Amino acid sequence: MQFKSVKNINVTNKRVLLRCDFNVPLDEKGNISDDFRIEQSLLTIKYLIEQNAKIILMSHLDPKSTGVVKKIYNLNEVGKKLTELLDVPIIKIDDCVGSEAENKGNNLRAGEILLLENLRFYKEETENNLDFAKKLSVLGDIYVNDAFSVCHRNHASITALPKFLDSYAGLLLEKEINILDKALENPEKPMIAIVGGKKVETKSKFINRISEVADFIIVSGLIKKEIQEKNIEFKYPEKIIGPEENLDALDIDQNTSRIFREKILQSKMVLWNGPFGKFEEEKYAAGTLAIAYAIIESKAFSIIGGGETVEFLKKQDILYKFSHVSTGGGAMLNYLAGDELPGLSALKNNEKK
């Protein structure tokens, strides 16, 4: 899928309204416990700094609350983390629309960065409210979407903003799409998809579509159990493999782990979304860890996605041993399943020149 890229326009001295995803996990004190998504956003932010753009960052934090202002979910800690990672000062304000946002945005100098407050403090964000999007649009000259992980959401900052501004794809979003397209259109073979977790209804369409290009699909015991109980039919059921017994087990048994490992070691490309078993407890994490190390040992081109998977691999200090770690979980699955992502459609359909 092709989009107009931020690389192909002159952004010097332009106010660039950049939609990022800073929805990072927090501990009980409100401190950032995993800054992976912030780190990934630096690709586009650094590019805009180098191009002397006036950068206005916007994001949400906390996937559950909307229209409610909760101090723990303000973006102050995100601002501090960005300052640390970029080694440049961040101007942070306590709102995302209104006179202060407009004044600060208008007075930005080339290369400066303004961070707006949590978009979801306004219910209009998740309601995809056009008036709210218009209020956001006056802050920028150009809109750039770099938040692949929320492109499956029909929200104001994702799908309505392109109606008001020239709109472009950020470097991270481009990277995500190019790599996923490679998996769908030109995969290295043999290719294996690994689907962990549960809730087969959110993954069955992905399993069905990826089976057209993958040689095998490894599924968790809980996914296999749901497939059997709900009698879900797939185009290529013979490609789907999972544990033979104890489908409710809290971890993968040694025999299953060996079978999975043998398949993975033969692969040239691996797609992985979702851990296996009760991985949160160390005594049940051996199976998920075995899968991770088999992928690394295989030297296959590996694409990893899903918040729990990423968090687990980062905790094990092996996250960066994989070829591509996606910022998206649901968005990655939806895209690979062939679903239309509203955020991508909004960029593609943007006709402003």
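Pairs, please: C-beta under 7 Å, at least 6 apart or cross-chain, first residue free of Cβ contacts under 8 Å to residues at least 40 places away in the same chain and in the stretch 258-283, second assigned to a helix (DSSP H, G or I)?
Arg261/Ala290; Arg261/Ala294; Leu265/Ala294; Leu265/Glu297; Leu265/Ser298; Lys278/Tyr284; Phe279/Thr288; Phe279/Phe312
With the structure loaded, tell me whether Ser302 is closer than 24 Å to Val24 by Cβ, open to solvent by less than 10 Å² (accessible area, probe 1.4 Å) and not charged (D, E, K, R) or whether it fails that test.
Details: closer than 24 Å to Val24 by Cβ: yes; open to solvent by less than 10 Å² (accessible area, probe 1.4 Å): yes; not charged (D, E, K, R): yes.
Yes; evaluated as a whole, the condition is true for this residue.
Quick check, is Asp62 within 24 Å of Gly305 (Cα to Cα) and not aliphatic (A, V, I, L, M)? It would help to see each step written out before you state the result.
Details: within 24 Å of Gly305 (Cα to Cα): yes; not aliphatic (A, V, I, L, M): yes.
Considered against the rule, which asks whether it is within 24 Å of Gly305 (Cα to Cα) and not aliphatic (A, V, I, L, M), Asp62 comes out as yes.
In the stretch 17-31, is there at least one residue being surrounded by 20 or more Cβ atoms within 10 Å (Cβ to Cβ), of a type in the set (Asp, Glu) and in contact with a Lys or Arg (Cβ under 9 Å, 6 or more places away or on another chain)?
Within the stretch 17-31, one or more residues are surrounded by 20 or more Cβ atoms within 10 Å (Cβ to Cβ), of a type in the set (Asp, Glu) and in contact with a Lys or Arg (Cβ under 9 Å, 6 or more places away or on another chain).
Would you mention how many residues in the stretch 249-262 are open to solvent by 90 Å² or more (accessible area, probe 1.4 Å) and either of a type in the set (S, T, N, Q) or at pLDDT below 95 (or both)?
Qualifying residue count for the region: 1.
From the list Glu112, Glu185, Glu176, Glu127, which one is under 23 Å from Glu77 (Cα atoms) and of a type in the set (Asp, Glu)?
Details: Glu185 fails: under 23 Å from Glu77 (Cα atoms); Glu176 fails: under 23 Å from Glu77 (Cα atoms); Glu127 fails: under 23 Å from Glu77 (Cα atoms).
Exactly one residue qualifies, and that residue is Glu112.
Here are the criteria: (1) in contact with a Leu (Cβ under 7 Å, 6 or more places away or on another chain); (2) buried (at least 19 other Cβ atoms within 10 Å of the Cβ); (3) free of Cβ contacts under 8 Å to residues at least 60 places away in the same chain. Tell me which single one Lys81 does not satisfy.
Tallying (1) in contact with a Leu (Cβ under 7 Å, 6 or more places away or on another chain); (2) buried (at least 19 other Cβ atoms within 10 Å of the Cβ); (3) free of Cβ contacts under 8 Å to residues at least 60 places away in the same chain, Lys81 fails exactly one: (1).
Does Thr309 count as open to solvent by less than 20 Å² (accessible area, probe 1.4 Å), in contact with a strand residue (DSSP E or B) (Cβ under 9 Å, 6 or more places away or on another chain) and of a type in the set (Ser, Thr, Tyr)? I'd like the intermediate steps shown before the answer.
Numbers: open to solvent by less than 20 Å² (accessible area, probe 1.4 Å): yes; in contact with a strand residue (DSSP E or B) (Cβ under 9 Å, 6 or more places away or on another chain): yes; of a type in the set (Ser, Thr, Tyr): yes.
Against the criterion (open to solvent by less than 20 Å² (accessible area, probe 1.4 Å), in contact with a strand residue (DSSP E or B) (Cβ under 9 Å, 6 or more places away or on another chain) and of a type in the set (Ser, Thr, Tyr)), Thr309 qualifies.
I'd like the full set of residues that are open to solvent by 30 Å² or more (accessible area, probe 1.4 Å) and in contact with a strand residue (DSSP E or B) (Cβ under 7 Å, 6 or more places away or on another chain), limited to the stretch 52-71.
Within the stretch 52-71, the first condition is being open to solvent by 30 Å² or more (accessible area, probe 1.4 Å), and the residues that meet it are 52, 54, 63-64, 66-71.
Hit for the stretch 52-71 is Lys54, nothing else.
Restricting the stretch 90-123 to residues that are in contact (Cβ under 8 Å) with a residue 40 or more places away in the chain and among the acidic types (Asp, Glu), which is least open to solvent (accessible area, probe 1.4 Å)?
Out of the qualifying residues, it is Glu117.
Of the numbered conditions (1) modelled with pLDDT of 95 or more; (2) outside any helix (DSSP H, G or I); (3) open to solvent by 30 Å² or more (accessible area, probe 1.4 Å), Arg209 fails exactly one; give the number of that condition.
Going through (1) modelled with pLDDT of 95 or more; (2) outside any helix (DSSP H, G or I); (3) open to solvent by 30 Å² or more (accessible area, probe 1.4 Å) one by one, Arg209 breaks only (2).
Can you spot a residue in the stretch 127-135 that is open to solvent by 40 Å² or more (accessible area, probe 1.4 Å) and aliphatic (A, V, I, L, M)?
Within the stretch 127-135, one or more residues are open to solvent by 40 Å² or more (accessible area, probe 1.4 Å) and aliphatic (A, V, I, L, M).
From the list Asn186, Asn154, which residue is touching a residue at least 40 places away in the same chain (Cβ under 8 Å), open to solvent by 20 Å² or more (accessible area, probe 1.4 Å) and either within 24 Å of the chain's Cα centre (by Cα) or within 30 Å of Glu280 (Cβ to Cβ) (or both)?
Details: Asn186 fails: touching a residue at least 40 places away in the same chain (Cβ under 8 Å).
On inspection, the qualifying residue turns out to be Asn154.
Mind checking whether some residue in the stretch 86-108 is within 25 Å of Gly30 (Cβ to Cβ), within 19 Å of the chain's Cα centre (by Cα) and of a type outside the set (S, T, N, Q)?
Taking every residue of the stretch 86-108 in turn, none turns out to be within 25 Å of Gly30 (Cβ to Cβ), within 19 Å of the chain's Cα centre (by Cα) and of a type outside the set (S, T, N, Q).
Could you list, in sequence order, all residues of the stretch 147-205 that are under 30 Å from Ile49 (Cβ atoms), of a type in the set (Gly, Ala, Ser) and part of a helix (DSSP H, G or I)?
Narrowing the stretch 147-205 to residues under 30 Å from Ile49 (Cβ atoms): 147-153, 155-182.
Right, trim to of a type in the set (Gly, Ala, Ser) and you get 147, 149, 156-157, 160, 167, 169-170.
Within the stretch 147-205, Ser149, Ala156, Ser157, Ala160 qualify.
Between residues in the stretch 29-44 that are over 16 Å from Gly307 (Cα atoms) and assigned to a helix (DSSP H, G or I) and residues that are among the basic types (Lys, Arg) and open to solvent by 10 Å² or more (accessible area, probe 1.4 Å), which pairs lie under 8 Å by C-beta distance while being six or more apart or on different chains?
Here the result reads Leu43/Lys175, each pair linking the stretch 29-44 to a residue that is among the basic types (Lys, Arg) and open to solvent by 10 Å² or more (accessible area, probe 1.4 Å).
Between Ile192, Ile217, Ile241, which is of a type in the set (Val, Ile, Thr), surrounded by fewer than 18 Cβ atoms within 10 Å (Cβ to Cβ) and modelled with pLDDT of 95 or more?
Answer to the check: Ile241.
The values are calculated or read from the model by the stated rules, or taken from the named source; none is laboratory data. These figures come from a predicted structure and were not determined experimentally. Backbone-built Cβ (ideal geometry, glycine too); neighbour counts: all protein chains shown. Remember, those area values only see protein heavy atoms, side chains included, never the ligands or the DNA or RNA. Shrake-Rupley method; radii C 1.70, N 1.55, O 1.52, S 1.80 Å.
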